[in-house]
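**Q** Structure in structure tokens, see below.
The values are calculated or read from the model by the stated rules, or taken from the named source; none is laboratory data. Computed from a prediction, not measured in an experiment: that's the story for all the values here. As a convention, Cβ positions derive from the backbone with ideal geometry for all residues, glycine included, and neighbour counts pool all protein chains shown.
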Amino acid sequence: MTEQNSSNIFAAIDLGSNSFHLIIAKEINGQIQVIDKIKEMVRLASGIDDNCCLTEEIMDKALECLSIFGQRLVDIPSNNVRIVGTNTLRKAKNSQQFIIKAEESLNHPIEVIAGREEARLIYLGVAHGQPDQENKRLVMDIGGGSTEFIIGQGFEQNLTESLHMGCVSMTLQAFKNGKLSEKNFSRAILAAELELRSIRQEYLTSGWYDSIGASGSIKAVGQVLSEQFEQSYRGITIEGLMWLKQEMISQKRIEKLQLPGLSLDRTPIFVGGVAILIATFRMLQISLMTVSDSALREGLIFDMLGRKSPEDVRLRTIEHFKQQYHVSEAQANRVSDTAIKLFNYLKDCWHLEMEAQQEILWASSVHEVGLSIAHNQYHKHGAYILKYADMPGFSKAEQKRLAVLIRAQRGKFPLSELQEFSAHFYHHIIFQVIILRLAILFNRGRTDTKEFPEISVEASNDELTMLFPKGYFQEKPLTYADLKTEKKRLKAINFNLLIAESTL
């Protein structure tokens, strides 16, 4: 087995608003050794038109980059690969059109993650690259379309926020004419300060000991300042930023900008990042910021390692939701146990993988979160909560699938929501929904007595036959009635449920 075929090789791709990053790393005793990195300045955010859609030109450029990335993923186990999209793919109206083509090019799924999930992953990457300490730290990451702020201790985050400003978007907004002037800088800094106003008080109240910056813009600022002030440089300071601002103004035009340590590919959007940093130093009263070599992609690698252990953050998120919404632990366990039994009966017939079982178990655990709002239509309340809540560890796609499972757990099938999935995912979601609905049906009595019998099953893509022990229907008339009702409801999705008793 070659190194690339080994199970301890991981890959992460960050489809950022400014640049696309690929990192390949080897896991050694819980730590990672980076063995390859590729970065391409795609500037996805600059390819958003007036209708908030990605242009064909920028999509073609991005896909060309991903075809190169895809070659590096060929020999890496699929479970060891994660690809995420950030602000621009969250915002673009036609992002799904691009994602479908990108997934074909990469032969791997792409997750579009929420801003706070992006912040969590950034912090995870930065924290693993810092010395162990108990002091609070502030981590800041300026992306192309958003800027993330996190306060945490060790590997745990206390506050996470993602603001709608980035080096690309700020440059396009405040320096559209390409002029490096006091007026344009003032406009950019004010816009950033207005964004920061929403988090300023909470972050200052929390406090921190160290400030750490991550990713391209902040690393570029650190490089320029270290080149200029080689003897005295300790990190980024407000004095250094103000010198940098005045130096850029003296050069008058973005296209003429030349600074020692600043690469040509970073130059066109550098000014927006500097303006955001100045505003942040002022609003959050930062005196010194050091620079981290690790960020989102390293965080993705460590998150994958966590998913392979009991420390999977998604399990903690599910437990938190159960507590927050006062879910009955006993009922959640009953439904989960039955769902596992049904899954084991049907996984081979329906070609279900362990990921599908995990999603069913998550849904089983939190299917009653909507009861905290009202019993009437609680499945709809629960689906809304799970679709729009911040769920650390979950991508937007995972949240959407979980929300649909909760929405479809009872009553009529939400056909319009189910039909939003591709043909491949549609069938898998339907199979998961059926397992969840049956698991809930068999535990409607909410008792610990044995409700689910030993059965025989046969299944195809559009039919499920369940053979029950002789006399079961007479012993459980309410369950029998529920199964007959479920049979009628499944016809709405062109699925046939056959139920019968054994004659033996």
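**Q** If I go through region 338-383 residue by residue, how many of them are part of a helix (DSSP H, G or I) and either without any contact (Cβ under 8 Å) to a residue 60 or more places away in the chain or within 25 Å of the chain's Cα centre (by Cα) (or both)?
**A** First pass over region 338-383, keeping only residues part of a helix (DSSP H, G or I): 338-346, 354-366, 369-372, 378-383.
Now drop any that are not either without any contact (Cβ under 8 Å) to a residue 60 or more places away in the chain or within 25 Å of the chain's Cα centre (by Cα) (or both), which leaves 340, 344, 354-366, 369-372, 378-383.
The total comes to 25.
**Q** Continuing with the same structure: How many residues does region 134-157 contain that are outside any strand (DSSP E or B), free of Cβ contacts under 8 Å to residues at least 40 places away in the same chain and over 20 Å from ILE32 (Cβ atoms)?
**A** Within region 134-157, the subset outside any strand (DSSP E or B) is 134-136, 143-146, 154-155.
Next, only the ones that are free of Cβ contacts under 8 Å to residues at least 40 places away in the same chain stay: 134, 154-155.
Cutting the leftovers down to over 20 Å from ILE32 (Cβ atoms) gives us 134.
Selection size over region 134-157: 1.
**Q** In addition: Would you say VAL168 is over 18 Å from the mean Cα position of the chain (by Cα), at pLDDT below 95 and β-branched (Val, Ile, Thr)?
**A** Values: over 18 Å from the mean Cα position of the chain (by Cα): yes; at pLDDT below 95: yes; β-branched (Val, Ile, Thr): yes.
Considered against the rule, which asks whether it is over 18 Å from the mean Cα position of the chain (by Cα), at pLDDT below 95 and β-branched (Val, Ile, Thr), VAL168 comes out as yes.
**Q** Another question, then. Among (1) touching a helix residue (DSSP H, G or I) at 6+ places or on another chain (Cβ under 9 Å); (2) in contact (Cβ under 8 Å) with a residue 40 or more places away in the chain, which single condition is SER460 missing?
**A** Against the list (1) touching a helix residue (DSSP H, G or I) at 6+ places or on another chain (Cβ under 9 Å); (2) in contact (Cβ under 8 Å) with a residue 40 or more places away in the chain, SER460 comes up short only on (1).
**Q** Going through region 171-187 one residue at a time, which ones are within 11 Å of VAL271 (Cα to Cα) and under 29 Å from the mean Cα position of the chain (by Cα)?
**A** Result: THR171, LEU172.
**Q** If ILE286 passes every condition in (1) over 30 Å from ILE440 (Cα atoms); (2) outside any loop (DSSP other than H, G, I, E, B) but one, which one does it miss?
**A** Looking at each condition in turn, ILE286 falls short on (2).
**Q** Considering only region 387-424, state which residues are of a type in the set (A, V, I, L, M, F, W, C) and either buried (at least 20 other Cβ atoms within 10 Å of the Cβ) or farther than 19 Å from SER95 by Cα (or both).
**A** The initial filter retains those residues of region 387-424 that are of a type in the set (A, V, I, L, M, F, W, C), namely 389, 391, 394, 397, 402-406, 408, 413, 415, 418, 421, 423.
Of everything in region 387-424, those that are of a type in the set (A, V, I, L, M, F, W, C) and either buried (at least 20 other Cβ atoms within 10 Å of the Cβ) or farther than 19 Å from SER95 by Cα (or both) turn out to be ALA389, MET391, PHE394, LEU402, ALA403, VAL404, LEU405, ILE406, ALA408, PHE413, LEU415, LEU418.
**Q** When only residues in region 435-471 that are aromatic (Phe, Trp, Tyr) and assigned to a loop (DSSP other than H, G, I, E, B) count, which is surrounded by the most Cβ atoms within 10 Å (Cβ to Cβ)? Talk me through it step by step, then tell me what you get.
**A** Here is the first cut: in region 435-471, the residues aromatic (Phe, Trp, Tyr) are 442, 452, 468.
So of that shortlist, the ones also assigned to a loop (DSSP other than H, G, I, E, B) come out as 442, 452.
Details: PHE442: 21, PHE452: 17.
Within region 435-471, the match that is surrounded by the most Cβ atoms within 10 Å (Cβ to Cβ) is PHE442.
**Q** Scan region 448-482 residue by residue and report those that are under 19 Å from PHE495 (Cα atoms) and either of a type in the set (A, V, I, L, M) or in contact with a Cys (Cβ under 8 Å, 6 or more places away or on another chain) (or both). Write out each step before concluding.
**A** In the first step, residues of region 448-482 are kept if they are under 19 Å from PHE495 (Cα atoms); the result is 456-467, 480-482.
Selection gives VAL457, GLU458, ALA459, SER460, LEU464, MET466, LEU467, ALA481.
**Q** Looking only at residues that are within 29 Å of ALA119 (Cβ to Cβ) and of a type in the set (Lys, Arg) in region 303-356, which one is surrounded by the most Cβ atoms within 10 Å (Cβ to Cβ)?
**A** ARG314
**Q** Go through (1) over 24 Å from LYS400 (Cβ atoms); (2) crowded, with 20+ Cβ neighbours inside 10 Å; (3) in contact with a Ser or Thr (Cβ under 9 Å, 6 or more places away or on another chain) for GLY85 and report which single condition fails.
**A** Unmet condition: (1).
**Q** Ok, one more. Right, GLN231: in the same structural domain as THR267 (by TED's automatic domain parsing) and either crowded, with 21+ Cβ neighbours inside 10 Å or part of a helix (DSSP H, G or I) (or both) or not?
**A** Values: in the same structural domain as THR267 (by TED's automatic domain parsing): yes; either crowded, with 21+ Cβ neighbours inside 10 Å or part of a helix (DSSP H, G or I) (or both): no.
No; evaluated as a whole, the condition is false for this residue.
**Q** Sort out which residues of region 227-253 are over 19 Å from ALA279 (Cβ atoms) and of a type outside the set (Phe, Trp, Tyr), and write them in order of number. Give the derivation first.
**A** Step one: filter region 227-253 for residues over 19 Å from ALA279 (Cβ atoms), giving 227-234, 250-253.
Scanning region 227-253 gives GLU227, GLN228, GLU230, GLN231, SER232, ARG234, SER250, GLN251, LYS252, ARG253.
**Q** Considering only residues that are hydrophobic (A, V, I, L, M, F, W, C) and closer than 19 Å to ARG314 by Cα, which ones fall in region 340-376?
**A** Keep residues of region 340-376 that are hydrophobic (A, V, I, L, M, F, W, C), which gives 340, 342-343, 346, 349-350, 352, 354, 356, 360-363, 366, 369, 371, 373-374.
Correct list: ILE340, MET354, ALA356, ILE360, LEU361, TRP362, ALA363, VAL366, VAL369.
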